[in-house]
Amino acid sequence: MRRTLVAGNWKMFGSRALLAEVIGALRDVAGEASKVAEVALCPPFPLLAPAAELLAGSGIGLGAQNLHAAAQGAHTGEVSGAMLREAGCRYVIVGHSERRRDCAESDALVAEKAAAALREGLCPIVCVGEDAGERAAGRQFAVVERQLAAVGERLGAEGLAACVLAYEPVWAIGTGRTATPAQAQEIHAFLRARLGERDATMAAGVRILYGGSVKADNARELFAQPDIDGALVGGASLSGHDFAAICTAAEGKRWNN
Ligand code: PEP
């Protein structure tokens, strides 16, 4: 059974004041009491500690947006998985397309980061997704297959079982242009089938989130798809009202399998 997960990715936005507003709104709709949906918030590093305090006892998860692949070392400006764990994180996003683009993160590095997260007891949210040119060329399946394979080869079926995947078509991120539910479901089913080639039980259990301009008014239709197990939400997670509405839509999704 897959528990729906809605995770907010604040990117390089936010403040302590916004944390209080958004977490206040989430506390009203999410938390331990919900058997159906799980909610997590991934603010920038300096906001992790105040977020952990505000989230205490809420059942809402905390996540980071990146980690270094090494356990520790002379890596100025970087943050380790152990540090994130100590700050109260349950999740960490790896392989977001903005980091693949801005920091030239390769498939191999993303796989190493996922392995580092697992080593520290964190759940990696592994992002995959094609850009507009790749979709126009009909290469979306090949791209996500390659990105997933790199992680699968590094982690194996057991490691993959402890991950969350996020399909985030680059052309839909921050553009207001959402993949249609059918387009998203097609890729999600494809990813699950690739996982199934490694291990059917693992494939049935791994949560695959959709990300790319998810809003309160399109969430319900996306969540209705059988292989969409929640959402990674960027812009809309910066509003308590909008993020809470997406979480409420997730509550409407029935248990799968
Ligand atoms: C994201 O940052 O992962 C994302 C999906 O952003 P947005 O919801 O703003 O498209």
- Taking amide hydrogens as modeled 1.01 Å from N in the peptide plane, which residues meet the under 5 Å criterion relative to Leu62, leaving out close sequence neighbours? Leu41, Arg90, Tyr91
- Note on the structure: Between His68 and residues 5 or more places away or on another chain, the pairs with built amide H atoms under 5 Å apart involve Val79, Ser80, Gly81
- Beta carbons within 10 angstrom, averaged per residue: use that to sort the peptides 16-27, 230-241, 39-50, highest first. 230-241, 39-50, 16-27
- To the nearest 20 debye, what is the magnitude of the charge dipole of the range 4-252 about its Cα centre, counting +1 on the Cβ of each Lys and Arg and -1 on the Cβ of each Asp and Glu? 120
- Note on the structure: Shape call for the range 4-252, from the Cα gyration tensor axes a ≥ b ≥ c (a/c under 1.5 means rounded, otherwise prolate when a/b beats b/c, else oblate), comes out rounded
- Task: Restrict the search to the range 184-257; then list the trypsin sites (Lys or Arg not before Pro) that DSSP places in a loop and that have at most 14 other Cβ atoms within 10 Å of their Cβ.
- Result: Arg254
- Restrict the search to the range 142-177; then list the trypsin sites (Lys or Arg not before Pro) that DSSP places in a loop and that have at most 14 other Cβ atoms within 10 Å of their Cβ. Arg177
- Report, by chain and number, residues whose modeled amide H sits under 5 Å from the one on Thr4, excluding near sequence neighbours (fewer than 5 apart, same chain). Glu38
- Query: Rounded to the nearest 0.05, what FRET efficiency is calculated for Ala182 and Ser106 with R0 set to 25 Å and r the Cβ-Cβ distance?
  - Reply: 0.20
- Message: I'd like the distance between the alpha-carbon centres of the range 168-239 and the range 142-162, rounded to an integer number of Å.
- Response: 17
- Note down the relative contact order for the range 143-251 as a percent, whole number, built from C-alpha pairs under 8 angstrom at least six residues apart. 28
- Note on the structure: Comparing Ala52, Ala136, Ala70 in a Gaussian network model of the chain (Cα, 10 Å), the one with the largest mean-square fluctuation is Ala136
- Message: Helix check for the chain. Which DSSP H runs span at least 24 Å along their own axis by Cα, with a mean Kyte-Doolittle hydropathy no less than 0.5?
- Response: none
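The numbers here are math on the coordinates, done by the rules we state, and not lab data. These numbers come from a predicted model, not from an experiment. Quick reminder, even Gly has a Cβ in these numbers, built from the backbone with ideal geometry, and neighbours come from all protein chains shown.
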